[in-house]
Amino acid sequence: MAGVLHLTLLLFLHYGSFAVVSSRPADDDTTAVASTDAAFTTFTTTVSLSSAGKTANTTDVPTTGFTTSCNEKTTKPPTTSTTTEGTGKTAERAAPRKEAEEEGEEEGPLELECPPLGLESLKVKDNQLKASSYKRRGLGPHRGRLNIQSGIEDGDIYDGAWCAQYRDQNQWLEVDAQQQTRFTGVILQGRSSIWSWNVVHTYKVQFSNDSLVWKPCMNGTEEAVFEGNQDTETPVLALFNTSTVARYIRINPQTWYENGTLGDICVRAEVLGCTVPDPNNIYPWQTEPAESRDKLDFRHHNYKEMRKLMKSVNEACPDITRIYSIGKSYTGLKLYVMEISDNPGKHELGEPEFRYVAGMHGNEVLGRELLLNLMEYMCQEYKRGDQRIVRLIKETRIHLLPSMNPDGYEMAFKKGSELAGWALGRYSYEGIDMNHNFADLNSGMWTAIELETDQSKLINHYFPIPEQYTSEDAFVASETRAVINWMQNIPFVLSANLHGGELVVTYPYDMTRDWAPREHTPTADESFFRWLATVYASTNQVMSNPDRRPCHNKDFLRYNNIINGADWHNVPGSMNDFSYLHTNCFEVTVELSCDKFPHVSELPIEWNNNRESLLVYMEQVHRGIKGVVRDKDTEAGIADAIIKVDVIDHHIRSVADGDYWRLLNPGEYKVTASAQGYFPSTRTCQVMYDHYPTICDFRLTKMPKQRLKEILAKGGKLPKDLQLRLRQLRLRKLRVTTKAINQRRAAAAAKRVRRM
């Protein structure tokens, strides 16, 4: 009893004006129940069901006993405010940001009083989820997570919800928070399935401290009934009128979609709750989540906020940063890029170009925030003198595009991290999936391979874009066209495309050769792509955890968290394939997290998970060989010289100044450089394990015919060495011609003799 009073007093001191429920009277003969009752604490606020933007009244309504007053039905995200800490100050709970109103901006997302426990992000482990019953393993309570995705086949172990075995009002899904938690709300979805339609229309909620005695969420004198879903995908939020402190929470479906014998009770859920300090823990810092040591702006940035952050980084580090735009979205939002280099705005001879692209799918937002954090981090560390960052910036020209699809992001941002759903904001404003929107160069390549009998005539790089794709009538997003122009204007060497919704790194090809749903389809650089993917996956703190849980419907741990894109699923028109076949750039896709739109509280953790991966992947741009292809006579760089590695059937080309970069794993390679009008040159280049690439320069000699053309075009006289060379060529040609004529004459004479 002393422990209960101690807990009650501490909670009162911590939460101030909130009402705290004491234990039952001492004459209660059920000791176990009394101890359970005593630990319940309720926090009461009035919830307004009016539309967003209207102000709700703030009240503190003390409760007694076990009564938990809850909002009966919540159909829209409510706007509420709560008096906290006993200070008399009002903290906004769901009101739009005041700054946005003052600046005339559109309303932002609903700001939840408490964050999600982490069913969607997998912070809540499988053993914390229980259910009254379940149909089979693939529909067990561990699958009752918001936005979890099912496999193509119903009936496997990766199905799309928790589904009860029985169809009655006694079924429940239970979440164990594992510590005292102030529960404030629930978010519900139906079942993810191609074949089934399962939705819970209404439900009740109960709380417990020992999972034995349960007390319902009340609406006055009756149990509160909350509205669920009318479709399977839209997340529906219910905020409790009174938040309740407990350890366990149950979701108890009351009505559901019934279709004869097929109307199962199926739920995907997230629970909102704030952790309550444990009075028995004298070292609370041991149980608190580790915050990032880096002082970065960890929050979700809409378009205007993103632009402000980029500007602040540029102002903080003007000598190494530059902001530029590569084009506009369909609605006119600029596609901003942050360049980080010791000479911003200039391509330096021998310095490779690197890019990160995020936000191709607008609702996959973690990549966007990671790139904004990366800008801040590199600026801060450069100024601090971190030698790793200083070297990376001096040796590499880095380009960061945090939002390729700003229109889609704005749609998802307005809903917020838990209410955007799985697809809202994925596509462009026109409804285009940009990862299928690049020109399909694979089909033309494979058709040529099948039809051409002379393999020496086949091209294996710099495939031209089909004419129909470049027409104004082609269904190509303006964002896609902008990125293609960007690729053509800057000689990128290495790139990564940041996505979300899974934990895996994929590499080309993304498209299967025979249009199969999935089939391993490697490039000529398969071994190096596997190295690139492994570099990111093995340094990512979540991917490299052997005990982590699969996200949705595929266990990528079996593949060491890397996979050939086409071996996962067929993606025609991907940016990875286009980049490899149309430019010199190697590119992979990084799926950063199970949760496409992590809650803001998760951002510092996600930065810690990915910081080393982002840096070490950029450093791979210096692996392999590099050099300059020059004219032997003039020392001028030769553009568009073809660099061929004998054992790899994929060439690259030198850029405007004659410099080139060929990404290769360690080993010995026979490399040939050739250019139009020049004799080819071959060298053996040894790639080591060092951070620095092997230097392999080439000096090509012009063919006499080419030299003659250039001299005559300038109106000059032929030098003696060229005159001698031309005379020798004429004599050689004359001898060959004379020999051929004499052979024909001899053959004709022999034929006449045989006739005689």
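The values are calculated or read from the model by the stated rules, or taken from the named source; none is laboratory data. Just so we're clear, the structure is a prediction, and the values are computed from it rather than from any experiment. Cβ coordinates were reconstructed from backbone atoms using ideal geometry, including for glycine residues, and neighbour counts include every protein chain displayed. For the accessible areas, the whole protein counts, side chains as well, though only heavy atoms, and no ligand, DNA or RNA atoms are used. Shrake-Rupley method; radii C 1.70, N 1.55, O 1.52, S 1.80 Å.
How high is the relative contact order of segment 303-622, in percent, counting Cα pairs under 8 Å that sit 6 or more residues apart? If you can, show how the numbers build up before the last one.
Working: 631 pairs, mean separation 71.9, N = 320.
Over segment 303-622, the number comes to 22 percent.
Between segment 118-148 and segment 420-493, the C-alpha centres lie 40 angstrom from each other. Pairs over the 23 Å Cα-Cα cut-off, from the set LYS554/LYS596; LYS204/LYS596; LYS334/LYS626: LYS204/LYS596; LYS334/LYS626.
Using r as the Cβ-Cβ distance of LEU724 and LYS311, and R0 as 60 Å, what FRET efficiency do you calculate, to the nearest 0.05?
Details: r = 64 Å, r/R0 = 1.07.
It comes to 0.40.
I want to check the label-to-label distance for THR221 and ARG732. Put each point 7 Å from Cα in the C-beta direction and report it in nm to one decimal. For the pair THR221/ARG732, the computed spacing is 11.1 nm.
Report the FRET efficiency, 1/(1 + (r/R0)^6), for ASN560 and ARG137, where r is their Cβ-Cβ distance and R0 is 22 Å, rounded to 0.05. The calculated FRET efficiency here is 0.30.
Work out, in µm²/s and without decimals, the Stokes-Einstein translational diffusion coefficient of segment 126-277 at 37 °C, 0.692 mPa s, Rh from Kirkwood over C-alpha pairs. Let's see the in-between values first.
Working: Rh = 15.3 Å.
Result for D is 215 µm²/s.
Residues whose amide H falls under 5 Å from that of ILE648, counting only those 5 or more places apart or on a different chain, are absent, with hydrogens built in the peptide plane. Any idea which of THR447, LEU335, ASN314 is furthest toward the positive side of the dipole for segment 303-622, if Lys and Arg beta-carbons carry +1 and Asp and Glu beta-carbons -1? So the residue we want is ASN314. The eigenvalues of the Cα gyration tensor, multiplied by 5 and square-rooted, give segment 625-703 an equivalent ellipsoid with semi-axes of 21, 13, 11 Å from largest to smallest.
Rounded to the nearest whole Hz, the Karplus-based 3J(HN,Hα) values (6.51 cos²θ - 1.76 cosθ + 1.60, θ = phi - 60°) of segment 444-453 follow the sequence x, 5, 5, 5, 5, 5, 6, 8, 7, 7, with x at glycine and proline.
Each residue, ASP386 and TYR330, gets one label point 7 Å from its Cα in the Cβ direction; the gap between the two is 3.8 nm. Under 5 Å between amide hydrogens, built in the peptide plane, is the criterion, and for ASN219 it picks out CYS70, ALA224 among residues at least 5 positions away or on other chains. Checking every one of the chymotrypsin sites (Phe, Trp or Tyr not before Pro) in segment 230-262 against DSSP loop status and a limit of 12 other Cβ atoms within 10 Å picks out no site at all. Applying a threshold of 29 Å to the alpha-carbon distances of LYS644/LYS739; LYS632/LYS670; LYS215/LYS415; LYS308/LYS394 flags LYS644/LYS739; LYS215/LYS415 as lying beyond it. Counting 0.36 nm for each residue step from GLU233 to SER443 and taking away their Cα separation leaves a gain of 72.1 nm. The residue list GLN178, TRP162, ASN241 was ranked by how far each Cα lies along the charge dipole of segment 126-277 toward its positive end, using unit charges on Cβ atoms, and GLN178 comes out on top. Placing a label point 7 Å from the Cα of ASP649 along the Cα-to-Cβ direction, the residues of segment 574-611 with a backbone N closer than 18 Å are 580-582.
Computed extension length for ASP168-GLU111: 17.0 nm, one decimal, from 0.36 nm per residue of separation with the Cα-Cα distance subtracted.
Could you order the peptides 518-525, 462-469 from most to least packed, using the average number of other C-beta atoms within 10 Å per residue? Intermediate values should be presented prior to the final figure.
On the way: 518-525: 17.2, 462-469: 13.6.
So the peptides 518-525, 462-469, ranked by packing, come out 518-525, 462-469.
Taking the 1.4 Å solvent-accessible surface of segment 303-622 as the whole, the part contributed by carbon and sulfur is 49%.
Multiply the residue separation of ARG322 and VAL753 by 0.36 nm, subtract the distance between their alpha-carbon atoms, and state the gained length in nm to one decimal. Walk me through the numbers on the way to the answer.
Working: separation 431, 0.36 × 431 = 155.16 nm, distance 8.48 nm.
Going from the current span to full extension adds 146.7 nm.
Using a 1.4 Å probe on the protein chains only, how many percent of the accessible area of segment 625-703 belongs to carbon and sulfur? Whole-percent figure for carbon plus sulfur exposure: 48.
In whole Å, how far is the Cα centre of segment 563-584 from that of segment 308-339? Rounded to whole Å, the Cα centres lie 28 Å apart.
If packing is taken as the average count of other Cβ atoms within 10 Å, what order do 379-387, 728-736 fall into, highest mean first?
Working: 379-387: 14.8, 728-736: 10.3.
The densest-packed peptide leads the list: 379-387, 728-736.
Annotation: peptides 689-695, 567-573, 619-625, ranked by per-residue average of other Cβ atoms within 10 Å with the highest first, follow the order 619-625, 567-573, 689-695. The simple spin-label model puts a point 7 Å past each Cα toward its Cβ; for ALA740 and ARG549 those points are separated by 7.7 nm.
To the nearest 0.05, how large is the calculated FRET efficiency for ASP342 and ASN485 if R₀ is 30 Å and r is the Cβ-Cβ distance? Let's see the in-between values first.
Working: r = 25 Å, r/R0 = 0.85.
Computed FRET efficiency for ASP342 and ASN485: 0.75.
Sorted by accessible area (1.4 Å probe), largest first, how do ASP547, ASP633, ASP297, ASP657 line up?
Details: ASP547 130, ASP633 100, ASP297 40, ASP657 75 Å².
Of ASP547, ASP633, ASP297, ASP657, the descending order of accessible area is ASP547, ASP633, ASP657, ASP297.
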